[in-house]
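Below is one structure, written out as structure tokens; comments come after it.
Quick note: the coordinates plus some simple rules give every number you see, no bench work behind them. None of these values were measured; they are calculated from a predicted model. Cβ atoms come from the backbone with ideal geometry, glycine included; neighbour counts cover every protein chain shown.
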Amino acid sequence: MKKLLTEWRKFLKEGQEFVEEKSPLRYDRASNVKRLALRDDSIEPPYSQDFGFADQYTYRNPRTGRMTKKKHLEAPGAGDDIIGFLDYHDLGETSDGNAYLYIDYMKTRREHKQKGVATKLLDEFIKRFAPNPGSIINFGKIQNADMFSLFEKAKEKYPDHQIMGAKNFQWKNY
């Protein structure tokens, strides 16, 4: 039944669009975290274990940490039609009046990795929220090689912006 609904949705409207919303994830470093997401109406619902896209449940009570018989929602999902998202918060303005933004988290669905979704999200993010030269975009601690590659591309593509970040991983030889 779910597959049939997905097929009908493809015929009704097809395409990708960017949406802005409040992030459902909780971050310790900021409370005003917003999300820029890329929506595609033609995809199927996410794999149940894909963190950030499908609802994640646990048998631990969120208040006490004890095991229970009932499942509790641990992290809400982004939605069935989201293929990638970028969570960020605003750190104010520089002395020149330009934006100072911090990227908290970025994620792409498993089946859409290496297809340019993260690059599209970052380009749209800079275009919407840091259009003026001299804006600061902080990637924070970069945890993996794919994100570091995106960071390097952004530094090269936007030389008039100050793009910061720290490599916090070791290269693995596969």
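Sort region 79-162 into rounded, prolate or oblate with this rule: let a ≥ b ≥ c be the square roots of the eigenvalues of the Cα gyration tensor; rounded if a/c is under 1.5, and if a/c is not under 1.5, prolate when a/b is larger than b/c, oblate otherwise.
Prolate, since a/c reaches 1.5 and a/b exceeds b/c.
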Checklist entry - Pairs LYS22/LYS115; LYS34/LYS107; LYS127/LYS153; LYS22/LYS167; LYS34/LYS157; LYS22/LYS69: which exceed 20 Å Cα-Cα? => result LYS22/LYS115; LYS22/LYS167; LYS34/LYS157; LYS22/LYS69
Checklist outcome for this item: Two pseudo-spin positions, 7 Å from Cα along C-beta at ASP41 and at LYS167, lie apart in nanometres by 4.3 nm
Checklist entry - Taking the simple approach of a point 7 Å from Cα along Cα-to-Cβ for both SER95 and PHE129, what is their distance in nm? => result 2.5 nm
Checklist outcome for this item: Residue separation between ASP28 and GLU152 times 0.36 nm, minus their alpha-carbon distance, gives in nm 42.0 nm
